Structures are given as C-alpha cells and as structure tokens.
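Chemist: Can you keep this structure in mind? I'll have questions shortly.
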Amino acid sequence: MSMPASDSPSGTALPALAGAGWTDASPAARQALAPCCVMDSSDLDQAREQIGRIYKPHELSVEGRRQSLQARMHHRALGASVGLSRLAHGAAVRIDPDRLEHFFLVQMPLAGGARIRHAQGWVDCGVGQASVLSASEPVRMHWSEPCDKLMLRIEQQRLLEVLQALQGGGRDDARAPLRLAPLVDLRSPAGRTWWQLMHYLAALLDPRAPALLPQQAAMLEEHVICALLTLAGPALASAPAPQPLVRARLRQLEDHILAHLAEPLTLTALAQQARTSVRTLQGWFAQAHGMTPTAYIRARRLEQVRHALQHPGPQAAVTEVAARWGFEHLGRFAAAYRARYGEAPSATLRRAQAPGLAPPPRSPGRP
C-alpha cells in the first residue's frame, strides 16, 4: 500500500512558527514537557492500553517485520471537551478504532503520513494537511514510519452545541450524523489560521505556562471548536438583520454579563441566554456598541480591573487583579488597559496608594 510523502502536498512547507511548544523535538523541550507525558513504551499492549484510556479501545499493530515500536504520547486537557496530544509510534502502524462514537479527532502529521479509510473511501494525509475523523464514521488508518502527529480531541456533544448556537436553533438535518470534511489543507488561509491556533494552544498547555482560569479555558475551548467548524464544517446561513424589538433582550443580556463577569462567558452560552444565534448576537453588539460581544466583555472586565486598582487593598498587585478578571497574558492586558485609560495599570495602582500623585491623562480609547 503506497503511503503519502512526508512533505506538504505541493512541496511548500508551512512556515515555522515561534513558540512551537509540543512540536519542538529537542532534548530540552522533551524534558520540559515531561509532566504531560502519559506514555513512553516499546510494548505494544501497553501502548494500546494507554492510548485507549485517553481516546478509546482500538486495534493497534506494527506493519513490517523490521519495524520496532517506540511509542511516546503527551496529552493535556484544555477543559472538559477539548484535549491536545502529541503521539509518535516510532514505527509504521495500523490503527483500527472503528467509530469514535463520542468525539471528533483532528490529526496533523509532523512527520510521516497516513492512508485513512472513511465511509466515503480512502484519503491520504501528509505534513501540511489535517485529517478530520467524524464521530459517527468507521475509520481505519495506516501510518507510515515515523508516525509523529499532533491530535486534537473534541467531544461530540460540545461541538454540536456550538454548531447549534452558530446556526440559531439547530441543523435542518439534525437527525443525520454530523460529518466534517475528512481532509483539509493547512496551507489554505483557513488552514494557516488553524495551524497558528494549534501552536498557540500548545504553548498555553505547556507545563511551564500558568494554568488557565475556568473562564479563559471555556472561551478558548469554544474558539477552537468554532475554528474547526470554519475549517471543516457545514456552511452556515447568514445572520438575520437585527430588529428594534431586540433592544430589551440585549439590555437583559448586558445585565447578565455584568452579573457574571468573573465567570466563563462563552458566545454559545450568551446566545442561549438571549435565545438567538451567535451570528445574530454578534450583529446586535455591532449595531449597539460597534464591537463584538467578546470585546464588550473585555471592556467591562477592564472597568472592573480599573475600579479594583483605584480602590486597592494593602497587598493589591496588578497581576493578581488582572488574573481575577480573566486576563492571563499580562502584556496584552497592559496594552489594552493603556489604550483604554491612557496609562499603565501600575500607574493607576501607585496613584491610589499615594493619593498626592497627578491624575491620569484623558483616555484615548473607546469607552
């Protein structure tokens, strides 16, 4: 059986990205990522069992008499519904999981490639491409040596919830199993965006990185699912134009946001709260505030940070206050704060702790 080449389909490789995290094969990176290593074994039965615990029980066999298994797997969960893995078998293998049943799986080869049998036939997947396995379809895979890949697992129920929110009430063919495109090109515009997102996700899930707060993980999880649906999902209908009658519902939603700012606030949850679709919700905020719902939430959280810095306790610290309101990246937070209020957050805190300091300049940002 012929296998795909290990280069990208057109011979043009994806650009190397800084902060590649789990795609770094150096000894130093391997040591740093040791806390998320869930399996390192040359025993076929042990490898099958350990991988099956995270994904599902499956058939695994080495192909070729001269092949020798040396399997290694790293895994970390983003939240309850999304998990990232790097899996290298160190040999040509056949994998037969049948139907995944409860999750979708995106496989992105870093070395080697695969022939994958879906319900519609065989597809070849190499470096520069991503294979998407739908939950309801039986599948069988033949991976060439060295078989090294990033994998993203997404729970089917959560993916369907996000899709329903995007479509505003569910699919017309909701009784039919959802099938995503089985193969996508990571060199396409949407594919490159997805690939950068995978690097960002890998960096966040690096054991050396600070732990994500629940609201951060929930919003990022939803973003990953939306990106996958954009990359490989069904076409979405255009959102209807906002109507004047939605103003009361929008005000109720704004009150809900203010009451739950310290909690996870995902677009799908907000759309369900407002009894509408995500796209319609985005239209409402664009018309009423000239910004996305996510930007609106960020602005309200910045207000809470500013209030806390203007009325600090004796041990107040900018980092702690920012993290409390969901800002995990201090550099981006400080830039957003300065753009909004015309000064660094540390300056606000110093002035509050020393009231004789001069007032800040007028904010150049949007209120």
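Chemist: Quick check on segment 322-340: of everything there that is touching a helix residue (DSSP H, G or I) at 6+ places or on another chain (Cβ under 6 Å) and under 15 Å from GLN215 (Cα atoms), which residue is most open to solvent (accessible area, probe 1.4 Å)?
Modeler: The extreme case among them is GLU328.
Quick grid of which residues meet (1) surrounded by 20 or more Cβ atoms within 10 Å (Cβ to Cβ); (2) at pLDDT below 85; (3) closer than 30 Å to ALA71 by Cβ:
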{"position": "ARG208", "(1), (2), (3)": "no, yes, yes"}
{"position": "ALA211", "(1), (2), (3)": "no, yes, yes"}
{"position": "ALA217", "(1), (2), (3)": "yes, no, yes"}
{"position": "GLU222", "(1), (2), (3)": "yes, no, no"}
{"position": "LEU236", "(1), (2), (3)": "no, yes, no"}
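Chemist: Tell me yes or no: at least one residue of segment 80-90 is hydroxyl-bearing (Ser, Thr, Tyr) and in contact with a strand residue (DSSP E or B) (Cβ under 6 Å, 6 or more places away or on another chain).
Modeler: Within segment 80-90, one or more residues are hydroxyl-bearing (Ser, Thr, Tyr) and in contact with a strand residue (DSSP E or B) (Cβ under 6 Å, 6 or more places away or on another chain).
Chemist: Now for a different question. Take the conditions buried (at least 22 other Cβ atoms within 10 Å of the Cβ) and within 18 Å of SER188 (Cβ to Cβ) and apply them to VAL93. Does it pass?
Modeler: No; evaluated as a whole, the condition is false for this residue.
Chemist: Any residue in segment 142-157 that's closer than 20 Å to ARG115 by Cβ: show its pairings with residues that are of a type in the set (Asp, Glu) and open to solvent by 10 Å² or more (accessible area, probe 1.4 Å) at Cβ separation under 8 Å, as long as the two are six or more apart or on different chains.
Modeler: Pairs that qualify, where the first residue is closer than 20 Å to ARG115 by Cβ and the partner is of a type in the set (Asp, Glu) and open to solvent by 10 Å² or more (accessible area, probe 1.4 Å), are HIS142/GLU63.
Chemist: Taking ILE51 as meeting all but one of (1) without any contact (Cβ under 8 Å) to a residue 60 or more places away in the chain; (2) β-branched (Val, Ile, Thr); (3) open to solvent by 30 Å² or more (accessible area, probe 1.4 Å), write down the number of the exception.
Modeler: Here ILE51 clears every test but (3).
Chemist: Checking the conditions here, which among ARG48, ARG66, ARG86, ARG94 is assigned to a strand (DSSP E or B) and either among the aliphatic types (A, V, I, L, M) or more than 23 Å from MET198 (Cβ to Cβ) (or both)?
Modeler: Sole residue among the options that is assigned to a strand (DSSP E or B) and either among the aliphatic types (A, V, I, L, M) or more than 23 Å from MET198 (Cβ to Cβ) (or both): ARG94.
Chemist: Quick one: which residue in ALA259, ALA227 is touching a helix residue (DSSP H, G or I) at 6+ places or on another chain (Cβ under 9 Å), at pLDDT 85 or above and among the aliphatic types (A, V, I, L, M)?
Modeler: ALA227
Chemist: Now, a different point. Under 8 Å between Cβ atoms, which residue pairs at least 6 apart in sequence (or on different chains) link something in segment 257-282 that is at positive phi with a partner that is open to solvent by less than 60 Å² (accessible area, probe 1.4 Å) and hydrophobic (A, V, I, L, M, F, W, C)?
Modeler: Sorted first by the residue in segment 257-282, then by its partner, the list stays empty.
Chemist: Among the residues in segment 109-124, are any within 13 Å of ARG153 (Cα to Cα) and either part of a strand (DSSP E or B) or open to solvent by 30 Å² or more (accessible area, probe 1.4 Å) (or both)?
Modeler: no
Chemist: With respect to LEU166, determine if the residue is over 21 Å from GLN129 (Cα atoms), in contact (Cβ under 8 Å) with a residue 24 or more places away in the chain and aliphatic (A, V, I, L, M). Step through it out loud before you land on a result.
Modeler: Numbers: over 21 Å from GLN129 (Cα atoms): yes; in contact (Cβ under 8 Å) with a residue 24 or more places away in the chain: yes; aliphatic (A, V, I, L, M): yes.
Taking the combined requirement at face value, the residue satisfies it.
Chemist: Being modelled with pLDDT under 95 and in a strand (DSSP E or B) is the filter; apply it to segment 98-107 and report the residue that is most open to solvent (accessible area, probe 1.4 Å).
Modeler: ARG99
Chemist: Mind checking whether some residue in segment 298-309 is within 19 Å of ALA217 (Cα to Cα), open to solvent by 70 Å² or more (accessible area, probe 1.4 Å) and in a loop (DSSP other than H, G, I, E, B)?
Modeler: No, that holds for no residue.
The values are calculated or read from the model by the stated rules, or taken from the named source; none is laboratory data. Keep in mind that what you see is a predicted model, and the values were worked out from it rather than measured. Using ideal geometry, Cβ is built from the backbone for each residue, glycine included, and neighbour counts are taken over all protein chains shown. Accessible surface areas use protein heavy atoms only, side chains included; no ligands, DNA or RNA. Shrake-Rupley method; radii C 1.70, N 1.55, O 1.52, S 1.80 Å.
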